[in-house]
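Okay, structure first, notes after.
The values are calculated or read from the model by the stated rules, or taken from the named source; none is laboratory data. Small disclaimer: the values here were computed from a predicted structure and weren't measured. Here the Cβ is made from the backbone with ideal geometry for all residues, glycine too, and neighbour counts use every protein chain on show.
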Amino acid sequence: MDRARDEFEAAGVNLVLIGQLTPRHAAHFRRRQELELPVLADKDRVSYKAAGAKVATFSELLGPKVVAKGLRTARQTGQRQGKTLGHPAQLGGAMVIAPGGEVVWSHMADDAGDNATPEEILAAAASATSP
């Protein structure tokens, strides 16, 4: 991650973590993880909506299909399943926001481990800042 962070910095990209939590929890998370980058609170998932992700309701998060997918994933990977997986509102993603505030690129995870690569993010950032 340090190499990718150096590449982002060299490209003029500011990294920020955004989570569905309160400002107090964001500050605690940042301290606990010993993060140097900002951690922002987005309790209402405004950033997910801006990126075009479907934001699930509480009942959708606990729906039978989501629970079944979580159990199936746990069985296939041999992991103990503490929480359900398989919905972008529960997983991560990446966004590139142009200097004017427009979301110009986004990637929302469909499954655990479905992450954008640093190269994809850098390419999107380069196209967002080029004339």
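List of remarks:
- For ASN115: the one exception among (1) modelled with pLDDT under 70; (2) assigned to a loop (DSSP other than H, G, I, E, B): (1)
- Restricting segment 16-62 to residues that are closer than 23 Å to PRO118 by Cα and of a type in the set (Ser, Thr, Tyr), the residue that is modelled with the highest pLDDT: SER47
- Selection from segment 15-36 of residues that are assigned to a loop (DSSP other than H, G, I, E, B), without any contact (Cβ under 8 Å) to a residue 60 or more places away in the chain and within 20 Å of MET108 (Cβ to Cβ): LEU15, VAL16, LEU21
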